[in-house]
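Structure record follows, encoded as structure tokens.
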Amino acid sequence: MTSQAGTASTINSEDWSCVFDDAMEVLVVEDDEADAFLIRKALRRNPHIARISHAHDGLEALDWLDKKLINPDVAIIDLHMPKKNGHSLLIELRCRPEWDFPTIVLTSSKAREDATRSRLRGANYFMTKPDTVDELDSMLTHAMRGM
Amino acid sequence: MFTKAEELLSVVVDTAVDGVILIDAKGIILVFNPACERLFGYSAGMVIGQNVKVLMPAPFHAEHDSYLSNYHRTGERKIIGIGREVVGRRMDGTTFPMELAVGEATREGEKLFVGTIHDITERKQAEEQRRLFIEQLTASNEERGHFSYVASHDLQEHLRMVLSFNTLLLEEYGPKLDSQGREYLTLSLNAARHMRELVADLLEYTRLGSDQERERPFDASAEMDLVLESLEALIHDSGAEIDVDPLPFLFGNPVRFRRLLQNLMGNAIKYVPPQVSPRLRITVHHDGDFWKFVVSDNGIGIDRLYFKKIFEPFQRLHGKAQYSGTGLGLTICKKIVAGFGGDIWVESEPGTGSNFCFTVKKSRLAA
């Protein structure tokens, strides 16, 4: 599942023709397949999103960014992931000025300290995963509209 | 020859249950009564004439001389005239805790010290057992709290998936199912939603015991405004009329206070007979060191039999179809009120409404 260094072919992304000029590319960093499915499902409802890439942890996301395999307009990042979790991914993103796309932390955690830590590390939004795709769709759309 | 008084005095010393020991200014033992013999295992003959240090374990053994000379020089007392818990050393080298009281006398220009010794081994053992018991109890409580928290959190995660995918199933495949299939799916979704509420309440209940949220002075009226805002839909739909006294400043966790009011007022709105609009009145009174809050309603009321039971976990008096709920709302209230140093109870009669009363300790910090 995880891409190996230099193997661009393993990138897990969806790209479909889009008629909008402001077509967006979204990076989803999420280790749980079921959650990733639901996030993609919600994103696909948004006609402004043209490309969705799904990395399974922070390391994979950084690898793709480093190799310029992806050029996201926004990243949706889970916190609890193997190899490199969301908090340390946020730190790495902040260290590279060229990766200045906004970030949305989407986690099952409701803990205030997770929200605070995420914001301190530069996350633009902190969201707790909702119960339905409908809610997820409206939360993400609302966040992206504000960017 | 002894005088009568001297004879009686020696009877006192010889039969005293506690150890009695007499030493001179240099610490030499002059009298060692039978109780002391039992306590220390030495016979009087073995220790009379020896320094009292022989009855002390290290490091007191080594320090005693300097303690005595320091006392003679400066008058600084550590035990003399005061009494304290120290450790005694038996002839076989074992030690035991004892309470030592020392009185001072002067006879023919020489200072003398009388020590009375009470063996406190049993008391110390009981204290230690109690301490261990409390330690174990605290640890097991903490472990249980942590376990429930983790279990509830993980349960919530899986339930979120069940809800998400069942909702998708109903949305995307609902039209392909017949009405019975859709009903099954709706029932399973409702069950998952109910379980979600239940787990959320369980999670909150276990959190109440574990996290140390910051306490501060707060305006209960401002919290009440937020409660009314959060209950807005329920109030609107039920046509509830709510009358609230001006509320005082309190000290504690305002979020928990809000939850307390939310639960009590939510119940008052929910538990009304069909076709009746809820009428609530929230009053507050001085009650010594406490504020007494009363949430009065015109609801279905509660039989006296259940006055205590309703505050226990998962005690529901009605079917879920009739009145929804998780059975934890009032249990959470009880725990919150305990955190405010108060008590919660109900006064009610079936058919005439209920008064839910709770007290909150007044605090100078909140004034």
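Where helices (runs of 4 or more DSSP H) fall wholly inside region B:1-93, the ranges with 3 or more residues that are aromatic (Phe, Trp, Tyr) are B:60-74. Close contacts from region B:339-353, counting a first residue that is part of a loop (DSSP other than H, G, I, E, B) and a second that is of a type in the set (Val, Ile, Thr), with Cβ to Cβ under 6 Å and a gap of 6+ residues or different chains, come to B:Phe340/B:Val360; B:Gly342/B:Thr359; B:Gly342/B:Val360; B:Asp343/B:Thr359. Residues that are under 17 Å from the mean Cα position of the chain (by Cα), over 21 Å from B:Ala151 (Cβ atoms) and without any contact (Cβ under 8 Å) to a residue 40 or more places away in the chain within region A:106-116 comprise just one, A:Ala115. Take the conditions (1) open to solvent by 20 Å² or more (accessible area, probe 1.4 Å); (2) modelled with pLDDT under 85; B:Lys292 misses just one of them, which is (2).
In region B:243-258, what residues are at pLDDT 90 or above and open to solvent by 70 Å² or more (accessible area, probe 1.4 Å)? Hits for region B:243-258 are B:Asp243, B:Pro246, B:Phe249. Criterion applied to B:Leu177, B:Leu155 was being within 14 Å of chain A (Cβ to nearest Cβ) and either out of contact with any strand residue (DSSP E or B) (no Cβ under 6 Å at 6 or more places or on another chain) or in contact (Cβ under 8 Å) with a residue 40 or more places away in the chain (or both), and the one residue passing it is B:Leu155. When the residues of region B:158-171 are filtered to those that are at the interface with chain A (Cβ under 8 Å from one of its Cβ atoms) and open to solvent by less than 70 Å² (accessible area, probe 1.4 Å), the one that is nearest to A:Thr128 (Cα to Cα) is B:Arg160. The set of residues in region B:229-242 that are surrounded by 15 or more Cβ atoms within 10 Å (Cβ to Cβ) and in contact with a strand residue (DSSP E or B) (Cβ under 9 Å, 6 or more places away or on another chain) comprises B:Leu231, B:Ile235, B:Ala240, B:Ile242.
Yes/no per residue for (1) in contact (Cβ under 8 Å) with a residue 24 or more places away in the chain; (2) in contact with a helix residue (DSSP H, G or I) (Cβ under 7 Å, 6 or more places away or on another chain):
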{"residue": "B:His194", "(1), (2)": "yes, no"}
{"residue": "B:Val199", "(1), (2)": "yes, yes"}
{"residue": "B:Arg207", "(1), (2)": "yes, yes"}
{"residue": "B:Ala220", "(1), (2)": "yes, yes"}
{"residue": "B:Met224", "(1), (2)": "yes, yes"}
{"residue": "B:Asp237", "(1), (2)": "no, no"}
{"residue": "B:Asp245", "(1), (2)": "yes, no"}
{"residue": "B:Ile269", "(1), (2)": "yes, yes"}
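With respect to the stated conditions, B:His118 is in a strand (DSSP E or B) and in contact (Cβ under 8 Å) with a residue 24 or more places away in the chain.
For region B:20-69, taking the residues that are free of Cβ contacts under 8 Å to residues at least 12 places away in the same chain and closer than 15 Å to B:Phe113 by Cα, the one that is least open to solvent (accessible area, probe 1.4 Å) is identified as B:Tyr67. Within region A:113-127, being open to solvent by less than 30 Å² (accessible area, probe 1.4 Å) and either more than 14 Å from chain B (Cβ to nearest Cβ) or over 23 Å from B:Ala200 (Cα atoms) (or both) holds for A:Ala115, A:Ser118, A:Ala123.
Selection of region B:178-190 for residues being among the aliphatic types (A, V, I, L, M) and either farther than 22 Å from A:Lys41 by Cα or touching a Lys or Arg at 6+ places or on another chain (Cβ under 9 Å) (or both) yields only B:Leu187.
All of A:Pro102, A:Pro130 fail the test of being surrounded by fewer than 21 Cβ atoms within 10 Å (Cβ to Cβ) and either among the small types (Gly, Ala, Ser) or away from chain B (no Cβ under 14 Å) (or both), apart from A:Pro102.
What are the pairs, 6+ residues apart or on separate chains, where a residue within region A:34-45 that is within 8 Å of another protein chain (Cβ to nearest Cβ) has its Cβ under 9 Å from a residue that is among the aromatic types (Phe, Trp, Tyr) and open to solvent by 40 Å² or more (accessible area, probe 1.4 Å)? Correct list of pairs: A:Ala34/B:Phe165; A:Leu38/B:Phe165.
The values are calculated or read from the model by the stated rules, or taken from the named source; none is laboratory data. All values derive from a computational prediction rather than experimental measurement. Cβ atoms come from the backbone with ideal geometry, glycine included; neighbour counts cover every protein chain shown. The accessibility values were calculated without ligands, DNA or RNA, using every heavy atom of the protein model including side chains. Shrake-Rupley method; radii C 1.70, N 1.55, O 1.52, S 1.80 Å.
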